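The values are calculated or read from the model by the stated rules, or taken from the named source; none is laboratory data. All figures in this text were calculated on a predicted structure; none of them were measured in a lab. Cβ coordinates were reconstructed from backbone atoms using ideal geometry, including for glycine residues, and neighbour counts include every protein chain displayed.
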Amino acid sequence: MSPRSVTVHVNGVPVTLPEGTTVAAAIAGVTGHFRAAPGGAPRGPFCGMGYCGECRVRIDGVIRLACQTPVSPGLLVETGG
Amino acid sequence: MVDVFDLVIVGAGPAGLEAARSAFAPGRRIAVVDDNPRPGGQIWRHDPTQDPPRAFRSLWDHLDSSGTRFLCSHRLVAFESGPTLVLESPTGTRRIRGERLLFACGARELFLPFPGWTLPGVYGAGGLQALAKGGLPVAGRTVVLAGSGPLLLASAVTLLRHGARVEAIIEQAPTGEVARFLALLPRWPLQTLAALALIRRLIRVPYWRGVWVSGARGRDRLCEVEVTDGRTNRILPCEALGTGYGLVPNIEAPNLLGCKLTGSLHPAVAVDSQGETSLPGIYAAGEVTGIGGVGRARLQGALAGVAAMGETQRIHGLLGRARHANAYVGHLAQHFRLREPVRRLAGPATVVCRCEDAALGPAHGTSPVDPRALRLLTRIGMGHCQGRICLHALAETRPEPFLREWLARPRPPLFPTRLETLAGLGDGTNPVPPT
Ligand SMILES: Cc1cc2nc3c(=O)[nH]c(=O)nc-3n(C[C@H](O)[C@H](O)[C@H](O)COP(=O)(O)OP(=O)(O)OC[C@H]3O[C@@H](n4cnc5c(N)ncnc54)[C@H](O)[C@@H]3O)c2cc1C
């Protein structure tokens, strides 16, 4: 099976990956730093199933879970918040 | 507006999908709610690089043409009287109601904190599997899987398929327990076949028993883990660690509704032999009722689906098989029982609550401390995950009623929600603020 590819922007960097993958995958291709913990340390995705909140990022301006958000053409993703 | 269905199923994993199939009859209105973008739950999670598993495909072929309503990317966040389910999706809030309700909301991993477990590059064991299925790049990366239970093996197989180099699987249970687990496994033929299929694909991967990861190190990212048997330590360089110590049921939604729980360490939803909870017309099936794997989840789902629709003549063929599958819950729990040292890897300075970055600090080791006191002392349980991770970790080190006390006073919403959803709830409780 070869799914179609989709391009999204992570911190301004274009990333192309197959349809059906997640924003978490797109970010991981650019940086491991998804958000900053209250103490400032970098955090990345952890539970992979939508409840730990470590992969929370800004997607088209709204804070969402990267692991449960499928990529779609033109999404703008900002990390590190 | 509230859409009304004959049956609403929460969770589109094996249990929920089987329930939807068995409950189906022409003219019945059935809805399945799941917070993932696609149905499948944990084990059948969508992987765009692979053909869907055969079992999932055959179920899906039935359901897809059945008129069953699938509400994917919809998360149950609260109840209103009725009970009406308040669902949140990326585009808004909606309300649905079922004449009957079936919880098939599965389980999550049990995480035990250790120094370094918050470093990027440290994941849940099933979490890393799920992320890899979602496209997280693992090809050529060095991975270690550590913790306890068969999920480590399932995760290893997925990661190998995605091109990762799995350095080792690190199982805390001693060799004798793993051997006893395997010796009695043939009592459950389906589980035996599944185990053999995993083992066959893992012949080149070292499977160490009686050892655990006691620390993860790296500057801004994981670069090595420390593995120990309690006496000697050894360092394993790796780029990713998947760690998990088994599963705990996602009881939050049924608990909020008032369903009775069973078991005190990591409670499950109590059900009768047909899957009915303590509340009439409310059913539960799959891992939310106890950790017993996909075979049991499917059987329980099928059973609860027909029971919920009152088709008693179809129940009897399933009851005996379901009872046998239930015995596997105890078999798993007994042989992958957690050993004392793995529950006590965190020190006073180790972050326990990842959300609030809170170390146990002054409360470290001072058991018993009841959950409310702990919350005031440390902010534990007040962050994004609402205690789904840290409270279960703490329960492992505290006297047993710990979690039951916490769960006795559940408060909506079930997950952090948007302000407009909160405003609509208006039930006078004290909700967790959105983050
Ligand atoms: C991360 C992970 C990976 C796993 N991988 C494997 C594997 O490879 N092989 C294996 O044999 N077993 C695996 N398991 C064990 C697995 O849980 C069972 O084998 C099987 O998936 C259980 O089926 P289920 O239907 O009971 O629950 P699940 O498959 O967990 O399905 C429950 C569904 O309900 C959804 N849900 C929960 N709460 C809500 C809510 N409030 N609103 C909306 N939706 C909700 C969940 O997102 C999920 O999709 C895994 C478990 C986990 C946690």
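Only one of the listed residues (B:Ala268, B:Ala253, B:Ala216, B:Ala285) is in contact with an Asp or Glu (Cβ under 9 Å, 6 or more places away or on another chain), within 14 Å of chain A (Cβ to nearest Cβ), buried (at least 17 other Cβ atoms within 10 Å of the Cβ) and of a type outside the set (Asp, Glu). That residue is B:Ala216.
One line per residue, one yes/no per condition, for (1) within 13 Å of another protein chain (Cβ to nearest Cβ); (2) surrounded by 23 or more Cβ atoms within 10 Å (Cβ to Cβ); (3) of a type in the set (S, T, N, Q):
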{"site": "B:Gly11", "(1), (2), (3)": "yes, yes, no"}
{"site": "B:Pro14", "(1), (2), (3)": "no, yes, no"}
{"site": "B:Asp34", "(1), (2), (3)": "yes, yes, no"}
{"site": "B:Gln42", "(1), (2), (3)": "yes, yes, yes"}
{"site": "B:Gln50", "(1), (2), (3)": "yes, no, yes"}
{"site": "B:Arg54", "(1), (2), (3)": "no, no, no"}
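Just checking, which of B:Asp64, B:Asp51, B:Asp3 is more than 14 Å from the ligand (Cβ to nearest atom) and under 23 Å from B:Ala302 (Cβ atoms)?
B:Asp64
Can you say whether B:Ala139 is more than 11 Å from every other protein chain (Cβ to nearest Cβ), over 24 Å from A:Leu65 (Cα atoms), out of contact with any Pro (no Cβ under 7 Å at 6 or more places or on another chain) and modelled with pLDDT of 95 or more, as far as the supplied structure shows? In short, no.
Of the strands (runs of 3 or more DSSP E) lying entirely inside segment A:5-81, not one contains at least 3 residues that are over 24 Å from B:Asp47 (Cβ atoms). Exactly one residue out of B:Arg339, B:Arg404, B:Arg321, B:Arg354 is of a type in the set (Lys, Arg), farther than 29 Å from B:Arg180 by Cα, more than 16 Å from the ligand (Cβ to nearest atom) and at pLDDT 90 or above: that is B:Arg354.
Filtering segment B:143-181 to residues that are basic (Lys, Arg) and at positive phi leaves nothing.
Looking at A:Ala37, A:Ala26, just one residue is out of contact with any Gly (no Cβ under 7 Å at 6 or more places or on another chain), of a type outside the set (D, E, K, R), within 9 Å of another protein chain (Cβ to nearest Cβ) and surrounded by 23 or more Cβ atoms within 10 Å (Cβ to Cβ), and that residue is A:Ala26.
Could you say whether any residue in segment A:19-26 is over 20 Å from B:Val138 (Cα atoms) and either in contact with a Pro (Cβ under 8 Å, 6 or more places away or on another chain) or among the charged types (D, E, K, R) (or both)? Looking through segment A:19-26, none of the residues is over 20 Å from B:Val138 (Cα atoms) and either in contact with a Pro (Cβ under 8 Å, 6 or more places away or on another chain) or among the charged types (D, E, K, R) (or both). Residues in segment A:54-80 that are closer than 20 Å to B:Val351 by Cα and surrounded by fewer than 24 Cβ atoms within 10 Å (Cβ to Cβ) were compared, and the one that is farthest from the other protein chains (Cβ to nearest Cβ) is A:Gly80. For segment B:6-48: of the residues being of a type in the set (Asp, Glu) and over 21 Å from B:Gly134 (Cα atoms), which is nearest to the ligand (Cβ to nearest atom)? Applying the filter and picking the extreme gives B:Glu18. Here B:Phe114 clears all of (1) in a loop (DSSP other than H, G, I, E, B); (2) within 13 Å of the ligand (Cβ to nearest atom); (3) hydrophobic (A, V, I, L, M, F, W, C) except the condition numbered (2).
Within segment B:133-158, the set of residues being more than 11 Å from the ligand (Cβ to nearest atom) and either surrounded by 21 or more Cβ atoms within 10 Å (Cβ to Cβ) or of a type in the set (A, V, I, L, M) (or both) comprises B:Gly134, B:Gly135, B:Leu136, B:Val138, B:Ala139, B:Val143, B:Val144, B:Leu145, B:Ala146, B:Gly147, B:Ser148. In the set (1) in contact with a helix residue (DSSP H, G or I) (Cβ under 7 Å, 6 or more places away or on another chain); (2) at pLDDT 95 or above, the condition left unmet by B:Pro83 is number (2).
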